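Chemist: Dumping the structure here so I can ask a few things about it.
Rule-based calculations on the coordinates, nothing more; no lab input. Treat the numbers as computed from the prediction; the structure is a model and nothing was measured. Glycine gets a Cβ as well: all are built from the backbone with ideal geometry, and neighbour counts include every protein chain shown.
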Amino acid sequence: MADNDSHRKLRIHALRYNPAKAGDTPRIQTYELEEAPGMTLFIALSEIREKQDPSLQFDFVCRAGICGSCGMMINGRPGLACRTVTKDLEADISLAPLPVFELIGDLSVNSGKWMRGMSEKLETWVHAQERALDLKRIEEPMDPALAEAVYELDRCIECGCCVASCGTARMREDFVGAVGLNKIARFRLDPRDKRTDADFYELVGDDNGVFGCMSLLACHDVCPKNLPLQTQIAFLRRKMVVQGTQG
Amino acid sequence: MKIVYTDVLVIGGGLAGLRLAIGAKRRGHDALILSLVPAKRSHSKAAQGGMQASLGNVIKGQGDTEDVHFEDTVRGSDWGADQEVVRMFVNTAPKAVRELAAWGVPWSRVRKGDRDVIMNGQKVTITERDEAHGLIAQRDFGGTKKWRTCYAADGTGHSMINTVADQAIADSIPVHERVEALSLIHDGSRCFGAVVRDLVTGEVSAYVATATAVCTGGAGRVYRNTTNAVICEGIGHALALETGVSALGNMEAVQFHPTGIFPAGILVTEGCRGDGGLLKDVDGHRFMPDYEPEKKELASRDVVSRRMEEHIKKGKGHKSRFGEHIWLDITQLGEKHIHTNLREVWDICHYFLGVDPVKEMIPVRPAQHYTMGGVRTDPSGQSPTLKGLFSAGEAACWDMHGFNRLGGNSVAETVVAGMIVGETVADYCDSLSNTPTVPLGLVREFVEREQAKLEAFTRGGGTEDASAIKGEMQDLMTAKVGIFRTGKDLDEAVDKLQKLLVRSRRIGLRSPQLGANPELVTAYRVQRMLKIALTVAYGAAVRTESRGAHFREDFPRRNDAEWLKRTLATWKGESDTLPTLAYEPLDVGRMELPPGWRGYGAKDYIDHPDTPGRQKAVEAIRAQHASDRFAMQAALMPYEHLLPPGLRGRNERIDERL
Amino acid sequence: MDSTPNVIAGVGLADRPRKSRWPARMDLAQSLTGLALGLFMWGHMFFVSSILLGKDAMWTITKFFEGYFVLGTAYPGIVSVVVAVVFALVIVHAFLAMRKFPANYQQYRTFIGHRKLMAHEDTTLWWVQALTGFLLFFLAAVHLYQMMMHPGDIGPYQSGERIWSGGWGPLYIIMLLAVEFHGGIGLYRLAVKWGWFEGKDPNASRKRLKTLKWVLTAFFLALGVATFVAYAKIGYQIRDQKGAVYTPSWVVPNPMEKAK
């Protein structure tokens, strides 16, 4: 927290468009405000809404970089607005909604709906052999390192940055994206999920799944959680090719 | 008028709501969840540290049982909790952890053999048992005798809600996202669902249900400095309050978390201190042992927060341009530990402070953290005064936290209450006598009333600014209804909040439209938030004692003689500016653990006249059943009949095989 | 193979239509043909650049591939066969890679905008790869067809003449650029796509791979340009001797003669 007193004038150029309003067309609106120490885009946008334009739409929930609500295009690249500190940016900041997802208005997109659809399609839950559990009994042991490895992949916050950064997802709307492929990698690793590679092939063994990935790796480079998307997708590709060529 | 029918309407898509819906759905009832945001983005996600359950797998948790967890929780609550509910909770928590384990939560696991941990600032080597290898691990947390907090690295809440939300998807439970309940539909004795506004289109519709459950989390945003997410505005509390029938319990009990990063208020987990982090003052002196020689940094949250503020008042805080703060030092934990077990903490420090906690200390100051109070329910989770209305999780005053919640007990409560109330909701729906004959006229009346209110905002004529009123309320609450409270401050707060409430009835909008409109949302919410703020401030002003997180400088002692009772706030008339308070006594004669000293904090309290008698009776029963803890417990305070049949029964442990 | 129905039955997926195996095969085939062509391209570059060591060196390599040193006689037909195989690989590779191209104008526009907005290196590189790939549909086809039909026209003089007098120069220089960028990027992408050379720190490995990719591209481009200049120079020197064939003075008898 540098105690410097030179407050810059920030110019935030936000994309404005309300698809629900008849006749509305996308345009850029510029807001000027004075930078404060430690200012994040969450603070800046909240201030704009409070003091300048109460109609500006955007989404924040946790404002702490863990919920994945505030993904937006910040100077052309997807990122979490809440943990983007303005002092790291130029005084001119351009903000746009994440592409691919349904636009609600201005900077707000319906990534939740997309994610739910992805989860339903890829069945992103543990498929156990039996459902009846005896909860009184001691839990099944699990290798500590394996538990950590599963957690590593479970860290995805479904913010949609990977999808918005993906050339394939931009061109083909049914592509499951890095988020979907990472989920499959996560459940594949989880010993509690009894699905086999044959089952996973049914879910991602096509050009909407792992074979649609062109390895542009923008997902890996923009992931706010630094998930190992490159290696996980490569790994999944190898397994699915083995399944597809031998199965 | 659009009407959606379902068996169980769950308002809130966090852990409690999701788990409750899954329970009801698996019992064969249609459940539908309403959520302000996609379910996985609920504030449950922010629980970094962990979930308490007395599994006793780690060596430092050996000997842990429901009994120890029970005592820790009751002491933590400063005897404000409903002890039967605490028993229900502690017995179900291990089952909840194990269910989540089977569902896919990547709980951190025990690794057999030696490992180094930091305790009391010292490196200590502990040896985990071979038979514990691979079982769910526990860590140390504030206010607990044993290591009991199960965790998934530093993203426990995150992993839990991922898993539970995915199970809800597996069960095809619809989640209507980006909608907000505006009011509960009821006839004064029974709840029929809710009037709901679509935040994207602005459409208002009715959701009619046999059972309605409020699982909306906390109300932290009535404060300026809070660790809560921006959606935690107490709207669920307001839904219940505005019925005029169902009550909010103990709203003055507000927890402040010792370690909100300063000044942003974002939480860094208690796990920092649990794992050996220290609190230091401006001189770099570790001051907690001076105040709390026994538990030190790991006393309960209310005590640690108060000691920090006390120390700052003595001029020992570090002064910065934003005000004074304390330092949290985790540098001695080492890079590897911080990068694996406390990575979220590293992220937060890095992204929001520009601090590297491996090398530097973290500026912290207590911030509002948890709403102990909530929709008053009976042990089954149902409102005693409004049939068909249920509540679970932080939104409820089920009452297992009393006046202070222990770290790790909240995220545990969400799933435990979800499991229990999910069953009782299903029971309720099963009972034919509860099948509602829907009074459509009443439904229409409620929908039209809400529509009229919204239209009143957009018609214009108002002059007050919603954001400004909200800001004033938040500043007032943080300044006057904070950690240290006095009658003078509280009276002033109540007076000013009332004036704000009156002003809020004249709000005007700069962009008056009914569709997607953030300003309109602020406008109708701030009216509701002010009512919640008033239940907090007014309840605190009337309660002339100190208990748990409620600390009155002018009444520093806990006063069981007069105040061993639960505050119940109702809002009787639309035009009222104050809640109506009533009190529900806690029966010392039935307590398993009669009131006493908590083991930390002030030793000074005024006994209830029944306490010595009950204490004697309890000691006699304990002596009689000294060899069998289960028989002892059953003799002291039977509770198992309150649990759904499927959740009864003992929990297996390494040292306690079934 | 037929245990799979049991496997999926166990987890409730039995009633689903089974997914085609072709996407897996195609994905693998695209990568394998790409790998083969990429490695061929490097080898090819080394062989043609032998001219930098002198006409004799280039002649020797050419005749080696025509089987002269093994069979005692040069059979340019061998080259035709090799070219035919490469041609087939190119066709398969192009066919498979086409799946990844923008399928319509809308997608094309979207990708162009996306690339510009993101300014992300690997995304831009893919676009370069796609464009050069598109160019190679034509350039490579022409070149390969020519070589397949006239395998005997490879040699210090014939090749030099093609560049200087035969009008092939512009095609070769564009193809050199296209092929080196396309192949270099493609080989780098193969490595990250399949997780080769990940090592302990995949991020660091990727950086190293990227650096290596640029170094190799620069090297082969330099080599290519030098080679091009060398042939052009020869072509210039023999500009008046149409149809000249170079044979080293130490070779007796002329291998082509003997073949006849």
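Chemist: Quick check on B:Gly202: is it over 30 Å from B:Asp329 (Cα atoms), surrounded by 24 or more Cβ atoms within 10 Å (Cβ to Cβ) and within 14 Å of chain A (Cβ to nearest Cβ)?
Modeler: no
Chemist: Could you list all residues from segment B:572-601 that are surrounded by 23 or more Cβ atoms within 10 Å (Cβ to Cβ) and under 23 Å from B:Ala537 (Cβ atoms)?
Modeler: Scanning segment B:572-601 gives a single hit, B:Pro579.
Chemist: Would you call B:Ala561 over 29 Å from B:Lys296 (Cβ atoms), in a strand (DSSP E or B) and not β-branched (Val, Ile, Thr)?
Modeler: It is false that B:Ala561 is over 29 Å from B:Lys296 (Cβ atoms), in a strand (DSSP E or B) and not β-branched (Val, Ile, Thr).
Chemist: Just checking: which of the strands (runs of 3 or more DSSP E) contained wholly in segment A:20-110 hold 1 or more residues that are of a type in the set (A, V, I, L, M), away from chain B (no Cβ under 14 Å) and more than 21 Å from B:His43 (Cβ to Cβ)? So that I can check it myself, show each step before the final result.
Modeler: Working: elements: A:27-34, A:71-74, A:77-80, A:92-96, A:103-105.
Qualifying strands (runs of 3 or more DSSP E): A:27-34, A:71-74, A:92-96.
Chemist: Of all residues in segment B:564-581 being part of a strand (DSSP E or B) and polar (S, T, N, Q), which is farthest from B:Met529 (Cα to Cα)?
Modeler: Of everything passing the filter in segment B:564-581, B:Thr567 is farthest from B:Met529 (Cα to Cα).
Chemist: Taking segment C:18-41, which residues are surrounded by 15 or more Cβ atoms within 10 Å (Cβ to Cβ) and among the aromatic types (Phe, Trp, Tyr)?
Modeler: Across segment C:18-41, the qualifying residue is only C:Phe40.
Chemist: Is one or more of the residues making up segment A:227-243 more than 8 Å from chain C (Cβ to nearest Cβ) and over 24 Å from the mean Cα position of the chain (by Cα)?
Modeler: Yes, the conditions are met somewhere in segment A:227-243.
Chemist: Within segment B:399-427, which residues are on the phi < 0 side of the Ramachandran plot and of a type in the set (Gly, Ala, Ser)?
Modeler: B:Gly407, B:Ser410, B:Ala412, B:Ala417, B:Gly418, B:Gly422, B:Ala426 - these are the residues of segment B:399-427 that are on the phi < 0 side of the Ramachandran plot and of a type in the set (Gly, Ala, Ser).
Chemist: For A:Leu216, state whether it is facing chain C (nearest Cβ under 7 Å), surrounded by 24 or more Cβ atoms within 10 Å (Cβ to Cβ) and not aromatic (Phe, Trp, Tyr).
Modeler: yes
Chemist: Here is a further query. Where in segment C:105-164 are there helices (runs of 4 or more DSSP H), lying fully within it, with 1 or more residues that are surrounded by fewer than 17 Cβ atoms within 10 Å (Cβ to Cβ) and within 14 Å of chain A (Cβ to nearest Cβ)?
Modeler: C:105-118, C:121-149
Conditions (1) touching a Ser or Thr at 6+ places or on another chain (Cβ under 8 Å); (2) surrounded by fewer than 23 Cβ atoms within 10 Å (Cβ to Cβ), marked per residue:
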| residue | (1), (2) |
| --- | --- |
| A:Cys166 | no, no |
| A:Arg172 | no, yes |
| A:Leu189 | no, yes |
| A:Asp199 | no, no |
| A:Asn208 | no, yes |
| A:Gly212 | yes, no |
| A:Asn226 | no, yes |
| A:Ile233 | yes, no |
| A:Met240 | no, no |
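Chemist: Consider B:Arg75 carefully, then state whether it is without any contact (Cβ under 8 Å) to a residue 12 or more places away in the chain and in contact with a Ser or Thr (Cβ under 9 Å, 6 or more places away or on another chain).
Modeler: no
Chemist: Condition first: part of a helix (DSSP H, G or I), among the basic types (Lys, Arg) and either within 14 Å of chain A (Cβ to nearest Cβ) or out of contact with any helix residue (DSSP H, G or I) (no Cβ under 8 Å at 6 or more places or on another chain) (or both). Now tell me which residues in segment C:184-238 satisfy that.
Modeler: If the condition is that a residue be part of a helix (DSSP H, G or I), among the basic types (Lys, Arg) and either within 14 Å of chain A (Cβ to nearest Cβ) or out of contact with any helix residue (DSSP H, G or I) (no Cβ under 8 Å at 6 or more places or on another chain) (or both), then C:Arg189, C:Lys193, C:Arg206, C:Lys207, C:Arg208, C:Lys210, C:Lys213 are the ones that fit.
Chemist: Next question, about the same structure. Name the residue that is surrounded by the most Cβ atoms within 10 Å (Cβ to Cβ), counting only residues in segment B:35-81 that are in contact with a Gly (Cβ under 8 Å, 6 or more places away or on another chain) and of a type in the set (D, E, K, R).
Modeler: Ranking the candidates gives B:Arg41 first.
Chemist: Does C:Phe181 fit the bill of being away from chain A (no Cβ under 12 Å) and touching a helix residue (DSSP H, G or I) at 6+ places or on another chain (Cβ under 6 Å)?
Modeler: yes
Chemist: Checking the conditions here, which among B:Ala493, B:Ala426 is under 27 Å from the mean Cα position of the chain (by Cα), more than 13 Å from every other protein chain (Cβ to nearest Cβ), assigned to a helix (DSSP H, G or I) and under 27 Å from B:His369 (Cα atoms)?
Modeler: Of the residues listed, the single one that is under 27 Å from the mean Cα position of the chain (by Cα), more than 13 Å from every other protein chain (Cβ to nearest Cβ), assigned to a helix (DSSP H, G or I) and under 27 Å from B:His369 (Cα atoms) is B:Ala493.
Chemist: When residues of segment C:22-61 are filtered for being farther than 20 Å from C:Phe137 by Cα and part of a helix (DSSP H, G or I), how many remain?
Modeler: 21
Chemist: Please report, ordered by residue number, the helices (runs of 4 or more DSSP H) entirely within segment B:256-356 with at least 1 residues that are touching a Pro at 6+ places or on another chain (Cβ under 9 Å).
Modeler: The helices (runs of 4 or more DSSP H) meeting that bar are B:271-274, B:301-311, B:335-340, B:343-348.
Chemist: Return the residues of segment C:63-100 that are farther than 22 Å from C:Val245 by Cβ and crowded, with 16+ Cβ neighbours inside 10 Å; say none if nothing qualifies.
Modeler: Answer for segment C:63-100, where residues must be farther than 22 Å from C:Val245 by Cβ and crowded, with 16+ Cβ neighbours inside 10 Å: C:Val86, C:Phe87, C:Leu89, C:Val90, C:Val92, C:His93, C:Ala94, C:Leu96, C:Ala97, C:Lys100.
Chemist: Scan segment A:130-147 for residues that are within 7 Å of chain B (Cβ to nearest Cβ) and either among the polar types (S, T, N, Q) or in a helix (DSSP H, G or I) (or both) and jot them down.
Modeler: Passing the criteria: A:Pro144, A:Ala147.
Chemist: Right, next: Has segment A:117-128 got any residue that is charged (D, E, K, R), facing chain B (nearest Cβ under 7 Å) and in contact (Cβ under 8 Å) with a residue 60 or more places away in the chain?
Modeler: No; the residues of segment A:117-128 include none that is charged (D, E, K, R), facing chain B (nearest Cβ under 7 Å) and in contact (Cβ under 8 Å) with a residue 60 or more places away in the chain.
Yes/no per residue for (1) farther than 30 Å from B:Leu586 by Cα; (2) part of a strand (DSSP E or B); (3) of a type in the set (S, T, N, Q); (4) within 14 Å of chain A (Cβ to nearest Cβ):
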| site | (1), (2), (3), (4) |
| --- | --- |
| B:Tyr5 | yes, yes, no, no |
| B:Gly17 | no, no, no, no |
| B:Lys25 | yes, no, no, yes |
| B:Ser54 | no, no, yes, yes |
| B:Val74 | no, no, no, no |
| B:Glu84 | no, no, no, no |
| B:Arg87 | no, no, no, no |
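Chemist: Which residues, taken from segment B:556-571, are among the aromatic types (Phe, Trp, Tyr) and touching a helix residue (DSSP H, G or I) at 6+ places or on another chain (Cβ under 7 Å)?
Modeler: B:Trp571
Chemist: Are there any pairs, at least 6 apart or on different chains, whose C-beta atoms fall under 6 Å, with the first in segment C:94-110 and more than 15 Å from C:Leu131 (Cα to Cα) and the second charged (D, E, K, R), and if so, which?
Modeler: Cβ pairs passing all conditions: C:Thr110/A:Arg170.
Chemist: Out of all the residues in segment B:491-520, which are surrounded by fewer than 21 Cβ atoms within 10 Å (Cβ to Cβ) and out of contact with any helix residue (DSSP H, G or I) (no Cβ under 9 Å at 6 or more places or on another chain)?
Modeler: B:Asp495, B:Lys499, B:Val502, B:Arg506, B:Gly515
Chemist: Within segment B:136-251, considering only strands (runs of 3 or more DSSP E) that don't extend past its boundaries, which have at least 2 residues that are out of contact with any helix residue (DSSP H, G or I) (no Cβ under 7 Å at 6 or more places or on another chain)?
Modeler: Filter on segment B:136-251 gives B:179-186, B:191-198, B:204-214.
Chemist: Among the residues of segment B:297-319, is there at least one that is surrounded by fewer than 17 Cβ atoms within 10 Å (Cβ to Cβ) and within 14 Å of chain A (Cβ to nearest Cβ)?
Modeler: Scanning segment B:297-319 turns up at least one residue that is surrounded by fewer than 17 Cβ atoms within 10 Å (Cβ to Cβ) and within 14 Å of chain A (Cβ to nearest Cβ).
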